[in-house]
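Inspection log for the structure reproduced underneath, given as structure tokens.
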Amino acid sequence: MPQQKLSHDIILTIGYHFTRLVMAGVFIYASIDKIIHPDLFSEAVYNYQVLPGYLVNLTALILPWLELTLGTCLLINRWMAGASALAAMLMALFLGMILFNLARGLDISCGCFSAAPDEDPITLLTLARDILFLIFSLGLAGLVYIRKARDVMEILGENQGGRWE
Amino acid sequence: MTVSSRTGQHLTDTVRQTIFIILISVALGAAVNLIRPDSIPFVETWSMADKLVTEDGETLAIPLEDAAALFADNAAVFLDARTPAEYAQGHIQGAVNLPWHEVDNYFETVIMTLDPETTTITYCDGEACPLSHDLAMLLKDLGFTRVKVLVNGWSLWKEHNLPVTTSSS
């Protein structure tokens, strides 16, 4: 029984670190080009036509830093409850925006990994990619919760089995 | 510790950390924009008409009436910047398809055949569709002197029952 528990824990640990590092990479990579080119990214935000004009630049200025900060939290394994929840919320939001614009048939750039309006058009592949990232983020948020619950149980001496590192 | 109190604690942590991360991002975003040389205004009015003014103050947008008059006189070339599939479904009568996303492939077959001195009107669909604007800028860079953009061209053209070619006709 402890043996089985241990292998179960190892799988969860690998899953946790794998999704954490993948999403850290995704968010940090996605933020760089947008931080370098706020003017281009603001245009990409505007082209989505979902925000009132006065919020376009604010979004273009803050969103990339949000991606970078939460990506960094994921990378250094800090504030994981907040970072994983935010990652899932952002991915759900991005997915919603992409679906909305695919449904409307707007021919615009994704602005996902590149700020330039001419690159990265929204396709079904973009949609599939974002669904995968959303699943990763939700999985990570779940794993963060389970991990924390295990830690508490261990402190309380309820769990003498395998440890989670 | 009960399951519900654990969940409660986790929720509290999640909310607190989420707020911290957002506050740090707002502070960083604002601070960096304040000190960088190529900053953008925090609040800016965004409209297609503003985007269609070139650096030398020329307005690229053309009113529908003017475009329709040029069309009637056969005095302008209409360029459809949308995808070939959208073009095939329907376009302004006589318009040439020059899809912005594949513009490189159309260099010899379309752009080289156009006279840079002729009035050229680009259009796509939707109030904020960037394709016609991007195409117009490219044509200007290539030396076309009379480039205009018919904003929301396809929708407007149809609404006013101006001549179109559709896949069924």
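The values are calculated or read from the model by the stated rules, or taken from the named source; none is laboratory data. Because the structure is a prediction, the values reported are computed rather than measured. Backbone-built Cβ (ideal geometry, glycine too); neighbour counts: all protein chains shown.
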Which of the numbered conditions does A:LEU55 fail, given that it passes all the others? Conditions: (1) under 29 Å from B:ASP104 (Cα atoms); (2) at pLDDT 85 or above; (3) over 18 Å from the mean Cα position of the chain (by Cα); (4) of a type outside the set (Phe, Trp, Tyr).
(1)
For the condition surrounded by 19 or more Cβ atoms within 10 Å (Cβ to Cβ) and in contact (Cβ under 8 Å) with a residue 24 or more places away in the chain, what is the one hit in A:ALA141, A:ALA83, A:ALA116?
A:ALA141
Criterion: charged (D, E, K, R), more than 16 Å from B:LEU60 (Cβ to Cβ) and either out of contact with any Gly (no Cβ under 9 Å at 6 or more places or on another chain) or crowded, with 19+ Cβ neighbours inside 10 Å (or both) - qualifying residue of B:GLU127, B:GLU108
B:GLU108
In segment A:56-78, the residues that are free of Cβ contacts under 8 Å to residues at least 24 places away in the same chain, more than 13 Å from B:LEU23 (Cα to Cα) and surrounded by fewer than 23 Cβ atoms within 10 Å (Cβ to Cβ)
A:LEU58, A:THR59, A:ILE76, A:ARG78
Just give me the residues in segment A:2-52 being under 30 Å from B:LEU34 (Cβ atoms), of a type in the set (Asp, Glu) and surrounded by fewer than 20 Cβ atoms within 10 Å (Cβ to Cβ), in sequence order.
A:ASP33, A:ASP39
Name the residue that is farthest from the other protein chains (Cβ to nearest Cβ), counting only residues in segment B:26-46 that are surrounded by 15 or more Cβ atoms within 10 Å (Cβ to Cβ) and of a type in the set (Val, Ile, Thr).
B:VAL32
Residue by residue through segment A:122-165, note down the ones that are at pLDDT 75 or above, of a type in the set (Lys, Arg) and farther than 15 Å from A:ALA88 by Cα.
A:ARG147, A:LYS148, A:ARG150
In segment A:50-77, the residues that are more than 7 Å from every other protein chain (Cβ to nearest Cβ) and hydroxyl-bearing (Ser, Thr, Tyr)
A:THR59, A:THR72
Top-ranked residue in segment A:1-52 [being closer than 28 Å to A:GLY139 by Cα and among the acidic types (Asp, Glu); ranked as modelled with the lowest pLDDT]:
A:ASP9
